[in-house]
Amino acid sequence: MSILISIYILTLGLVLGSFYNVVGLRVAGGQSIISPPSHCPSCGRRLTIRDLVPVFSYLFLRGRCRTCHQKISPIYPIVEASTGLLFLFSFLWTASIEEMLCGWLLASLLMIVLVTDLTEMMIPDKILLFFFILFAFFRIIFPLAPWWDAPAGAASGFIVLLLIALVSRGGMGGGDVKLFAVMGLLVGVKIVLLGFFLSTFIGAVIGVAGLLTGMIRRRQPVPFVPFIVLGMLAAYFFGDRLMAIYYHLLF
Ligand SMILES: [Zn+2]
């Protein structure tokens, strides 16, 4: 039974991941989500069901358009597979329906802003506003304990990021500040601050490694959202364990 549910949930995640690609690309590009139907950006050929099976179409077509053979961005299958696996992981790992849904919501927001950041280097306000309202409803139905942890999480995400954005003078963008405020509303103070700490830590480690190996040039703008994705998911799913290890080392 559990295996059947796992397959359903993985499929749901794959299909939603495919939808998140469309949402991210179209909202960042200022287009409608509904029309026109999906098409190849190079030759304009309308995509059929055979081209739209998450992950498998990309693998089957070896990453190229069926008609014009232009390369398809690997972002699509990566987001599809990540959403599917994160949905499944949240189902298997968390202790309650509420925590599982919270994991799904967090993963959904992160996958959409990953697409907008990697393609247009921006986090659209429309998407942040939509998720802010969705998360507010979710926390009214499933309040955190204490209930004010949700607004306090939003406020602390916003204030901490704003201070760092002001101090770093452009090292952190306005989109990042708002993104952490929205995520804080969903996960509360502790997880959002830990998530921010882990995001910058992972970003710094990979940044230094990139500079040392010559993969990244000095002053080259690097998208920050991939690190936010890793940091926030680590904080949400493993936060309690990470903090227990930290206190254990400290005292
Ligand atoms: Zn094409």
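The values are calculated or read from the model by the stated rules, or taken from the named source; none is laboratory data. Please read these numbers as outputs of a predicted model, since none were measured by experiment. All Cβ positions, glycine included, derive from the backbone under ideal geometry; neighbour counts span all protein chains shown. In case anyone asks, the SASA skips ligands and DNA or RNA and just uses the protein heavy atoms, side chains included. Shrake-Rupley method; radii C 1.70, N 1.55, O 1.52, S 1.80 Å.
State yes or no: is Ala204 without any contact (Cβ under 8 Å) to a residue 24 or more places away in the chain and either at positive phi or in a helix (DSSP H, G or I) (or both)?
So Ala204 fits the description; yes.
Which of the residues spanning the range 116-131 are open to solvent by less than 30 Å² (accessible area, probe 1.4 Å) and either free of Cβ contacts under 8 Å to residues at least 12 places away in the same chain or assigned to a helix (DSSP H, G or I) (or both)?
Result: Thr116, Asp117, Ile127, Leu128, Phe131.
In this structure, is Asp176 within 29 Å of Leu92 (Cα to Cα), acidic (Asp, Glu) and open to solvent by less than 80 Å² (accessible area, probe 1.4 Å)?
Here the answer is no, as Asp176 does not meet what is asked.
Inside the range 217-245, can you point out the residues that are open to solvent by 40 Å² or more (accessible area, probe 1.4 Å) and more than 20 Å from the chain's Cα centre (by Cα)?
Arg217, Arg218, Arg219, Gln220, Asp240, Arg241, Leu242, Ala244, Ile245
Would you point out which residue out of Leu144, Leu134 is outside any helix (DSSP H, G or I) and either within 22 Å of Glu80 (Cβ to Cβ) or not assigned by TED's automatic domain parsing to the domain that holds Val27 (or both)?
Leu144
Residue under question is Leu161, and the condition is that it be crowded, with 20+ Cβ neighbours inside 10 Å, within 13 Å of the chain's Cα centre (by Cα) and either outside the structural domain of Gly195 (by TED's automatic domain parsing) or touching a residue at least 12 places away in the same chain (Cβ under 8 Å) (or both); does it hold?
No.
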